[in-house]
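Enquirer: Sharing a structure here in structure tokens format.
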Amino acid sequence: MATTDLGYDLVRFWRSSARGMTLDHEVALPLGAGPRHMTLHPSGHLYVVTEFTCEVFVLAPGPDGRWTLRAGVAASPGSLPGDKGAELTRSRDGQYLYAGLRGSDTIAVLRVRGEGDRIEPVALAESGIRKPRHHVVLRDTLLVAGQDSDEIASLGIDERTGVPDRVRHRLAVPSPQHILPAR
């Protein structure tokens with residue numbers, strides 16, 4: 001199990017034991033980054049978005065099971081001063097990552113490269129809402145919870161480029177914080 005510690009700039013890795021969960025090791029991110037959310041890639045890499053610096057970091061497990069920091073990039077060169085990283089999710093095929101940026105109310109799109117060990121910014125798309133708190137990918141759609149716009153917006157995703165399009169539909173929901181698809 002992995003957890004983020006926003007205040008200490010750490011990603012912590014835990015193991016199950018007879019006494020419950022015990023800390024195995026930690027990976028430190030740059031001072032002041034503020035790791036917020038993570039997503040696991042089919043390649044086995046772990047991607048972490050930071051709240052304070054709006055970066056996405058790549059962590060990889062070593063042969064000994066210990067994770068290390070491999071790479072990091074700005075979520076988008078077009079992010080604005082004062083932006084805060086929120087949610088991070090991946091496309092169904094794992095080719096793209098989507099990072100919510102509160103402030104500019106945008107979604108940064110990053111492409112996964114190599115064997116999952118590298119990422120690069122692709123585009124910055126309008127989220128269609130105010131204060132994107134959480135988002136999920138369902139089929140060819142990105143659903144975005146707008147905490148301050150009291151709605152969830154659905155944006156189509158161009159499967160060729162991975163970039164979200166304009167808003168298709170809106171659903172009024174008071175201050176949505178999280179979207180959990182029911183299957």
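Enquirer: Here are some conditions: (1) open to solvent by less than 20 Å² (accessible area, probe 1.4 Å); (2) more than 15 Å from the chain's Cα centre (by Cα). ARG130 meets all but one. Which one does it not meet?
Expert: The single condition ARG130 does not satisfy is (1).
Enquirer: Let me ask something additional. Can GLY82 be described as of a type outside the set (Asp, Glu), free of Cβ contacts under 8 Å to residues at least 40 places away in the same chain, part of a strand (DSSP E or B) and surrounded by fewer than 17 Cβ atoms within 10 Å (Cβ to Cβ)?
Expert: No: the conditions fail for GLY82.
Enquirer: Here is a follow-up. Give the residue, chosen from LEU143, LEU69, LEU124, that is hydrophobic (A, V, I, L, M, F, W, C), part of a strand (DSSP E or B), open to solvent by 10 Å² or more (accessible area, probe 1.4 Å) and in contact with a Phe, Trp or Tyr (Cβ under 7 Å, 6 or more places away or on another chain). Spell out the reasoning first.
Expert: Numbers: LEU143 fails: in contact with a Phe, Trp or Tyr (Cβ under 7 Å, 6 or more places away or on another chain); LEU124 fails: in contact with a Phe, Trp or Tyr (Cβ under 7 Å, 6 or more places away or on another chain).
Among LEU143, LEU69, LEU124, only LEU69 is hydrophobic (A, V, I, L, M, F, W, C), part of a strand (DSSP E or B), open to solvent by 10 Å² or more (accessible area, probe 1.4 Å) and in contact with a Phe, Trp or Tyr (Cβ under 7 Å, 6 or more places away or on another chain).
Enquirer: I need the full set of residues from the stretch 146-183 which are within 17 Å of ALA99 (Cα to Cα), in a loop (DSSP other than H, G, I, E, B) and small (Gly, Ala, Ser), in order please.
Expert: Listed by number, the list holds a single entry, GLY162.
Enquirer: So, one more: Find the residue count for the stretch 146-183, including only residues that are surrounded by 13 or more Cβ atoms within 10 Å (Cβ to Cβ) and touching a Lys or Arg at 6+ places or on another chain (Cβ under 8 Å).
Expert: Summing the residues that are surrounded by 13 or more Cβ atoms within 10 Å (Cβ to Cβ) and touching a Lys or Arg at 6+ places or on another chain (Cβ under 8 Å) in the stretch 146-183 gives 12.
To keep it simple, each residue is scored yes or no on (1) in contact with a helix residue (DSSP H, G or I) (Cβ under 6 Å, 6 or more places away or on another chain); (2) under 16 Å from ILE179 (Cβ atoms); (3) small (Gly, Ala, Ser).
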position	(1), (2), (3)
ARG66	no, no, no
LEU69	no, no, no
GLY82	no, no, yes
ILE107	no, yes, no
ARG111	no, no, no
ASP117	no, no, no
SER127	no, yes, yes
LEU138	no, yes, no
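The values are calculated or read from the model by the stated rules, or taken from the named source; none is laboratory data. Note that the structure is predicted; figures quoted are calculated from it, not measured. Using ideal geometry, Cβ is built from the backbone for each residue, glycine included, and neighbour counts are taken over all protein chains shown. Only protein heavy atoms, including side chains, enter the accessible area calculation; ligands, DNA and RNA are left aside. Shrake-Rupley method; radii C 1.70, N 1.55, O 1.52, S 1.80 Å.
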